[in-house]
Amino acid sequence: MKTKILAVPYIIWMIIFTIIPLGLVIFFAFTTQSGKFTFSNIVAMNDYLDVLFRSIEFSVIATVICLLLGLPVAYLISRLARGKQGTMLMIVIIPMWINFLLRTYAWMTLLEENGIINRFFGLFHLGPFNLINNSGAVILGMIYNYIPFMILPLYSVMTKIDENVIEAAQDLGCSGFHIMTKIILPLSKQGISTGIITVFVPSVSTFIISRMLGGGTNDLIGDIIESQFLGNSYNPHLGSAMSLVLMVIVLLIMSLFNQFGSEEAVI
Amino acid sequence: MKKNFVIIITLILLLITFSGCSGNTNRTSSDTSSSNNVKSETYSNTVISEENITDNSQPLNSISSDDVNMDTILTKLDKSLLSDYDYSKLKNQNITLNVCNWGEYMAVNQDDYFDVNQEFEKLTGIKVNYKTFATNEELYSKLKSGGGDYDIVIPSDYMISKMIKEGLIQKLDFSNIPNFSYIDKKFVGLEYDPENEYSVPYTWGIVCIVYNKNMVKKEITGWCDLWDEANDNNILMFNNPRDAFGIALTYLGYSQNTEDKKELEEAASTLKQQKNLVQAYVMDEIFDKIGGESSAIAPYYAGDVQTMIDENPNLDFCIPKEGTNKFVDAACIPTAAKNKEAAEMYINFLNEIQVAYANCDYLCYSTPHTGVYSLFDDEIKTNPLRCPPDDYLNEKTEVFINLSDETNAYTQELWNQIKIEKSKSPWLVPAFLLISIALTFFLNIRRSRKKKQDIF
Amino acid sequence: MNKILSRTITAFVIVFLYIPILVLIVFSFNASKSRANFTGFSLQWYEKLFHNEAILTALFNTIIIALISSLLATIIGTAAAIGINRMRPVTKATIMNVTYIPIINPEIITGVSLMLLFRAFTVYSGFEFGLVSLILAHITFNIPYIIYSIIPKLRQMNPNLVEAAQDLGCSSAQAFFKVTIPEIMPGVLSGFLMAITYSIDDFVISYFNSGTTVETLPITIYSMTRKKVSPEINALSTIIFIVILAVLIIKNAISNYKLRKERLEYLASKS
């Protein structure tokens, strides 16, 4: 009985710093500057529909590529000897520990018109290619920043797959392709859905990557939200409406990929 | 097998990394060595005539270049040159002054200059907390949303009048800023602050064009070159509606301060045309992108253009023939400032001749400070970037004024349309929201039902 | 065939992950400011970095905020986890789901929503954005990680242990500190470490809640990437990279050593 009281400070904290702020976002989204109820902020979101769809499109592409690249990497790591698994995982994790601003900045220096990649091609008298300030660069930035989030959950389910199951399948005449589709993929469903969520959510809401690599014409929903609060067009009400829309998208993705607890009520 | 694997990875990594380092390709990099003699050679002969610079009214106590050691004036603060202002009156009160200025807009943490903030700290015992912003609108957002923690901000003209109107900045006590007498009368009581109660001019300048001589194919004469297909995908443009529309309106021959919807719409469609040629929409990043030669041509502020040319001799400037925007940036004190007296002391310090001179020399912007102007040699006085000639200023330049909220909102809307394709139906987003929420509920309910079934 | 393909892809991903970092490191030793042309070896950017007061203050702020917020978050979170563990399943599930919100919510929304809250504070009281708001925000997004790393340990723990201790004459407080705490200590520690790293690395939430006066390292890095980018930033990333590498290698070495020791003991016990 007594131990339950220990959770009280946290519950109070949770109410003040998690629930009330989200309530404020909803409140701001449906009010005008003078505090009157309005739908106009949500309707005004319409001007930014293109940005919204672009954000979703980019992050879907990034998530799919992360998944395609992540599957073989995670599988390879999970089949290594135990000690080596640790080392390989570390190799995948280390870049994640460097601040994403620095990593994205590094890509800027690589992709620029007179950046290192174009110089490399210049040695063979090719290019210069247009590598930065386009949608491809933004997607690349997302993949680069979030691919470890895909590999890790995939690895953690794949490492539990019993080697004997795979061997049994091989003995029964399964081809490599069939092993992948009939055994490994079904057994790592949980990891795949976690991976999709952990890549998609930060991608769809990112706001610096697009600014650094997208050249100002590939703004994503995150950039627009930021500019309503601290940037060029101050309007926290519209910004809140956008945040609300973003939140709904995330919720939808979460429930699509089955991560939320089942008894969960929608916020 | 595994060993090969490691070796291959290492090799690829090394190859790619060092291909970037190997040798000089035909594009030279920007060297940091700034040579002063470049300045005099690189002036493009545009519409500027070199004469016609009227003398400023001389202030009461000015320093002539004979009195000071010009070699050390930038590197060491000479206390004997300070005015007799009591800088120690707020000592030991443990005050921290929060200053918010444009990026790279003061001689702070530079090798060849004394650090203005550190000297102020040493002199007064007041700690300076120095922060930067990139656009006027960003500063406005920060003041509106941050609760106004700043003691000093340095916005531009039209933003100052907007802030005055909204009560974001307060009146100054000019008896605490005796060095205000150095300010050229031409910059006192301008339209944005008619009675000159709120602001002390810090720098001024014009927006001009910076370009890379090796990368442009034609002679650059004005804004029209930002719409020239010869510069396709090498153009940078301001990522801010006010500045971008200012350029487009001048290019079309309209006033930058127009509130005429037709003219604004025309400007918007011109900007839309330009979009295909533009490499990126940026603000402060222009400095790095042009300096690093990843883009060829961009609009930028005259002082910074001078700095860029000093650092990279491949760059040159052009004063647009169509005319341009003249801006004045002035120090103001937000209404919420906690240390008004200290802030006024700081403004006064900024207008000490030696401090203003160091800032001016570092920034290369034009100065409203007569004491600094009298220290200039002829080379600077005839440099159209640093001292644009009066007839150009009078005939071709315009200062932004604060537009009505309606026009600002309309400009923002047009700007969104330029950068974002607009959709037709106004109910798409609400419908999308409702469907998403419904779908979420449905999925969750279905899952919990399924779970219950599983239990039984 | 499958193996070759997956090896190539793995090699590609690793190259992809490390090229930018390698480039950053190589160019931190560049003599000139150029970001694409290596003109000679020099350590000048490191020297400049250590004289850059803005960076040093930001580093100091970052560490202070990380330490204070993860410590407070650990205390609140540990207490909460123990309390939650004893609750009825329905209450427990509800609380755990709300706890999940800061983890799954996009960072930008957590940042913006907290900003709106703190702004309301500033309007109705003398509250100011700064260190305090940053610490509050960091505690908020750190607590869930701590709770989620302790709950599994509590579940694994044998509930009879506490009762046994009490039967043997421990007071409930003694039982708590002598039995429960040591049992869940690994979870607490790993949660604490996780909180510190999240706190140090956080940019988005800090960006919205730092107000105007305090900067953390990521915010300083962000302002450095805008105008006049200096290779100091490369020097900084190199140092961060080496520190992280060293920490991880040491950690790995220790766990490898433990693993080997366990295996030896196991073999010894068998023979």
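Just so you know, all these numbers are worked out from the coordinates, no wet-lab data involved. Just so we're clear, the structure is a prediction, and the values are computed from it rather than from any experiment. Don't worry about glycine lacking a Cβ; one is built from the backbone with ideal geometry, like all the others, and counts go over all protein chains shown.
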Inset, instruction - Within the set of other residues whose C-beta is less than 14 Å from the C-beta of C:HIS138, count the net charge using Lys and Arg as +1 and Asp and Glu as -1. - result: -3
Legend entry - Size of electric dipole in segment A:48-256: Cβ of Lys, Arg +1 and of Asp, Glu -1, about Cα centre, debye, nearest 20: 400
Inset, instruction - Using the Kyte-Doolittle scale, find the helices of chain A whose mean hydropathy is at least 1.6 and whose Cα atoms extend 20 Å or more along the helix's long axis, counting only whole DSSP H runs. - result: A:49-78, A:236-256
Inset, instruction - In nm, give the distance between the simple-model label positions of A:MET90 and B:PHE442, each being 7 Å from the Cα along the Cα-to-Cβ direction. - result: 5.0
Inset, instruction - Determine, for B:VAL372, C:VAL243, the number of other Cβ atoms within 10 Å of each Cβ, and report the residues in order from fewest to most. - result: C:VAL243, B:VAL372
Inset, instruction - Can you tell me the relative contact order of segment B:224-381? Whole percent, Cα pairs under 8 Å, sequence separation 6 or more. - result: 23
Inset, instruction - Have a look at C:LEU193, C:THR212, C:PHE129 and report the one farthest towards the positive end of the charge dipole of segment C:128-229, computed about the Cα centre with Cβ charges (Lys/Arg +1, Asp/Glu -1). - result: C:THR212
Legend entry - Rounded Å value of the spacing that divides the Cα centres of segment B:196-257 and segment A:72-87: 55
Inset, instruction - Would you please give the residues with an amide H less than 5 Å from that of B:THR132, counting only those at least 5 places away or on a separate chain, with H modeled from the backbone geometry? - result: B:ASN101
Inset, instruction - Between A:PHE37 and C:THR91, take the C-beta separation as r, use R0 = 30 Å, and let me know the FRET efficiency to the nearest 0.05. - result: 0.35
Legend entry - Where chymotrypsin sites (Phe, Trp or Tyr not before Pro) in DSSP loops with at most 14 other Cβ within 10 Å are excluded, longest remaining stretch of chain A: A:130-267
Inset, instruction - When a/c is below 1.5 the answer is rounded, else prolate if a/b is larger than b/c, else oblate, so apply that to chain A with a ≥ b ≥ c taken from the square roots of the Cα gyration tensor eigenvalues. - result: oblate
Legend entry - Filtered trypsin sites (Lys or Arg not before Pro), segment B:74-153: DSSP coil and at most 15 other beta carbons within 10 Å: B:LYS76, B:LYS89, B:LYS91
Inset, instruction - Collect residues whose amide H, placed 1.01 Å from N in the peptide plane, falls under 5 Å from the amide H of B:THR324; neighbours closer than 5 in sequence don't count. - result: B:THR397, B:GLU398
Legend entry - Highest-fluctuation residue, C:PHE29, C:PHE203, C:PHE12 considered, GNM on chain C with Cα pairs under 10 Å: C:PHE12
Inset, instruction - Pick out which of C:SER255, C:SER69, C:SER172 has the largest mean-square fluctuation in a Gaussian network model of chain C, springs linking Cα atoms closer than 10 Å. - result: C:SER255
Legend entry - Gain on full stretching of the segment that runs from B:ASP405 to B:VAL188 - 0.36 nm per residue minus C-alpha separation: 75.5 nm
Legend entry - B:ASN240 long-range amide H proximity, modeled H, under 5 Å: none
Inset, instruction - Rank the residues B:GLU104, B:GLU121 as a footprinting-exposure proxy: fewest other Cβ atoms within 10 Å of their Cβ go first. - result: B:GLU121, B:GLU104
Legend entry - Around C:VAL204: net Lys/Arg minus Asp/Glu count, Cβ-Cβ under 14 Å: -4
Inset, instruction - For segment A:152-184 and segment A:1-62, write down the distance between their C-alpha centroids in whole Å. - result: 42
Inset, instruction - For segment C:113-221, just say rounded, prolate or oblate: build the C-alpha gyration tensor, square-root its eigenvalues into a ≥ b ≥ c, call rounded for a/c under 1.5, and beyond that prolate if a/b exceeds b/c, oblate if not. - result: prolate
Legend entry - segment C:70-97 and segment C:1-46: distance between their alpha carbon centers, rounded to Å: 44
Legend entry - Inter-label distance, nm, simple model (7 Å from Cα along the C-beta direction), C:MET185/A:LYS4: 3.1
Inset, instruction - Taking the Cβ of each residue in A:MET142, B:MET106, C:MET194 as the centre, tally the other Cβ atoms inside 10 Å and list the residues starting with the fewest. - result: C:MET194, B:MET106, A:MET142
Inset, instruction - Please give the net charge around B:ALA331, taking every other residue with its beta carbon less than 12 angstrom from that of B:ALA331, where Lys and Arg add +1 and Asp and Glu add -1. - result: -4
Inset, instruction - Compute the Cα gyration tensor for chain C, then decide on rounded, prolate or oblate, letting a ≥ b ≥ c be the square roots of its eigenvalues: rounded whenever a/c is under 1.5, prolate when a/b is larger than b/c in the other cases, and oblate in all that remain. - result: oblate
Inset, instruction - Determine ³J(HN,Hα), in whole Hz, for all residues of segment C:63-73 in sequence, where each value follows from phi through the Karplus function 6.51 cos²θ - 1.76 cosθ + 1.60 and θ = phi - 60°; x replaces Gly and Pro. - result: 5, 4, 4, 4, 5, 4, 5, 6, 5, 4, 4
Inset, instruction - At 7 Å along the Cα-to-beta-carbon direction for both A:LEU256 and C:ALA164, put a label point, then send me their distance in nm to one decimal. - result: 5.0
Inset, instruction - Please turn the phi angles of segment B:355-372 into ³J(HN,Hα) values with the Karplus equation 6.51 cos²θ - 1.76 cosθ + 1.60 (θ = phi - 60°), one per residue in order, whole Hz, x for glycine and proline. - result: 5, 4, 5, 4, 4, 5, 5, 6, 7, 6, 7, 6, 10, x, 8, 5, x, 6
Inset, instruction - For n ≥ 4 DSSP H runs only, could you compute -39500 (n - 2.57) per run for chain A, divide by its residues and tell me the 222 nm figure to the nearest 500? - result: -20500 deg cm²/dmol
Inset, instruction - Report, in degrees rounded to the nearest 10, the 0 to 90 angle that the Cα long axis of helix C:107-124 makes with the longest principal axis of chain C. - result: 80
Inset, instruction - Based on a Kirkwood Rh over C-alpha pairs, give the Stokes-Einstein translational diffusion coefficient of the protein assembly as shown at 37 °C and viscosity 0.692 mPa s in µm²/s. - result: 107
Legend entry - Backbone N under 20 Å from the A:GLU167 label point (7 Å along Cα→Cβ), restricted to segment A:44-82: A:75-82
